[in-house]
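Take a look at the structure set out below.
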Ligand code: UDP
């Protein structure tokens, strides 16, 4: 049974990382198709003004807190989020779990060359992992049918979509049924990190809940998006 808490209207599952991995395994085996979203506070703020995104988050099968801000905000609710469950770490744990199983994965997103480099790195890191296809995330409407066909032909069980939010959530919602994938996860810039092109924050930053700060100083172009963080905090405090 899902135990959900709402943060500014977005329903978050309150799973630990271990429970979230367990849910993915259940999704893979139950014969259905499932959407997993990994919103951070910036995306929660985006959903305040983007009705379609909010509806997709509400219709998803698992919504996990990618940012520490979401965990903090849930402290003001009756049901609290136990821990941060970053999308990147979820994928890593799932890879580790399925590397000796028959489940297959497809990487869709990122600049040309990134998804394939990420796939190579991950198959090396998790020996036995079956990544059956990759496609970069830059395309136009005319390419879409071919992309979907390629994913379908690959018979991937898990489709990771890294187009940035909210593009990836909308793409998954509109197209998942044509791909045949059992689990679709919006993974943001995860392929950049998997490929080694972008460094994840050192552990100490994550531990202190300062991964956002690390990203800000290493990718200053994110400043505009990050201006949503104080707005998020103020809105949470105002609503409580
Ligand atoms: N991206 C893409 N297609 C697009 C726009 C973006 O594949 O049309 C990719 C981009 O190359 C990057 C990812 O989407 O790998 C977005 O990364 P970001 O760190 O902004 O994502 P976040 O996790 O913050 O949503």
Taking the alpha-carbon centre of each part, the distance from segment 75-139 to segment 1-48 in Å is 16 Å
Please express the shape of segment 19-123 as an equivalent ellipsoid: the semi-axes are the square roots of 5 times the eigenvalues of the C-alpha gyration tensor, given largest first in whole angstrom. 26, 18, 15
Angle between the Cα long axis of helix 87-98 and the longest principal axis of the chain, 0 to 90 degrees, nearest 10? 40 degrees
How tilted is helix 17-29 with respect to the longest principal axis of the chain? Cα atoms for both, answer in degrees (0 to 90, nearest 10). 40 degrees
Helix 228-239 axis, angle to the chain major axis (alpha carbon atoms, nearest 10°): 50 degrees
Along each of the three principal axes of the Cα atoms of the chain, give the extent in whole Å, ordering the values from largest to smallest. 49, 39, 36
Please label the shape of segment 98-149 as rounded, prolate or oblate, based on the square roots a ≥ b ≥ c of the eigenvalues of the alpha-carbon gyration tensor (a/c under 1.5 means rounded; beyond that, a/b larger than b/c means prolate, else oblate). oblate
How much length is gained if the chain between residue 97 and residue 174 is pulled fully straight, taking 0.36 nm per residue apart and subtracting their Cα-Cα distance, in nm to one decimal? 24.9 nm
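Read-outs throughout are calculated quantities, based only on the coordinates presented, and are distinct from any laboratory measurement. Treat the numbers as computed from the prediction; the structure is a model and nothing was measured.
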